[in-house]
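Have a look at the structure below, then the notes.
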Amino acid sequence: MLVGAAAVPAAAAALAALAALTASPADAAPQPRHGTAAPAVAGALGPLGPLTALAIRRLRLGDQVAAAKRGTGAPVDDPERERQELAKVRRQAAGLGLDPASTARFFEDQIAASKVVQRGLLARWAADPATAPSQRPSLDAIRTELDAVTRDILRELVATERVRQPSAGCTADLAEADVSGSIADGLDALHREALRTALRSVCG
């Protein structure tokens, strides 16, 4: 639902207060998830909730990418693969009637958010090996999951194209989805930071 510009600061303050009240002590020592990807987060509310839920699902796959790379010397950055993925996204966006440039910018943010997660987890595990995962997932399997999430995100970008136009309403809707999704999935400080990166271009 669209709101006036004057309502946005109040809405944002209320959502921030809710997030602070529901923050878990686990922020200091979160338990990373491993195994298969979590489903989209049902608790991400509002018209931008499904898109935010998919961004969170993609972040959780970043946990698995970090686990796959841990101890292998594989870098977090993979410029060639990133170029290939963004080129594919531009082609898919054009076929769906989305603007290729803005769609690629959104996925650049998803890649940047995943790097926030990977670097944070790898640093955490290096500092405290006891918290590191005991198994190394297959990068090929993870990339298959990432491809599926990309397709879902593209469909949701089509569905929310009008909602995502720059406006006070979009800003309020995004704040609602961000905070409710973070709470529903129990995101720690690292993943909340990554989610802010993932959502920064949603409203143009």
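The values are calculated or read from the model by the stated rules, or taken from the named source; none is laboratory data. Quick caveat, the model's predicted, so the values are computed rather than measured. Here the Cβ positions follow ideal geometry from the backbone for every residue, glycine too, while neighbour counts run over all protein chains shown. With ligands, DNA and RNA removed, areas are computed over all heavy atoms of the protein, side chains included. Shrake-Rupley method; radii C 1.70, N 1.55, O 1.52, S 1.80 Å.
Couple of notes before you dig in:
- Remark: pairs (first residue in the stretch 61-78, in contact (Cβ under 8 Å) with a residue 24 or more places away in the chain and within 11 Å of Arg119 (Cβ to Cβ); second residue among the charged types (D, E, K, R) and assigned to a loop (DSSP other than H, G, I, E, B); Cβ separation under 9 Å; 6+ apart in sequence or on different chains) = Lys69/Arg136.
- Complete set of residues in the stretch 43-68 that are in a helix (DSSP H, G or I) and over 11 Å from the mean Cα position of the chain (by Cα): Gly49, Pro50, Asp63, Gln64, Val65, Ala66, Ala67, Ala68
- Members of the stretch 160-184 that are in contact with a Gly (Cβ under 7 Å, 6 or more places away or on another chain) and not hydroxyl-bearing (Ser, Thr, Tyr): Arg164, Gln165, Pro166, Ala168, Asp173, Glu176, Ala177, Gly181, Ile183, Ala184
- For Ile56, the test of being out of contact with any strand residue (DSSP E or B) (no Cβ under 9 Å at 6 or more places or on another chain), more than 30 Å from Gly169 (Cα to Cα) and open to solvent by less than 60 Å² (accessible area, probe 1.4 Å) is failed.
- Residue check for Thr103: closer than 15 Å to Glu85 by Cβ and either open to solvent by less than 60 Å² (accessible area, probe 1.4 Å) or over 18 Å from the mean Cα position of the chain (by Cα) (or both): yes
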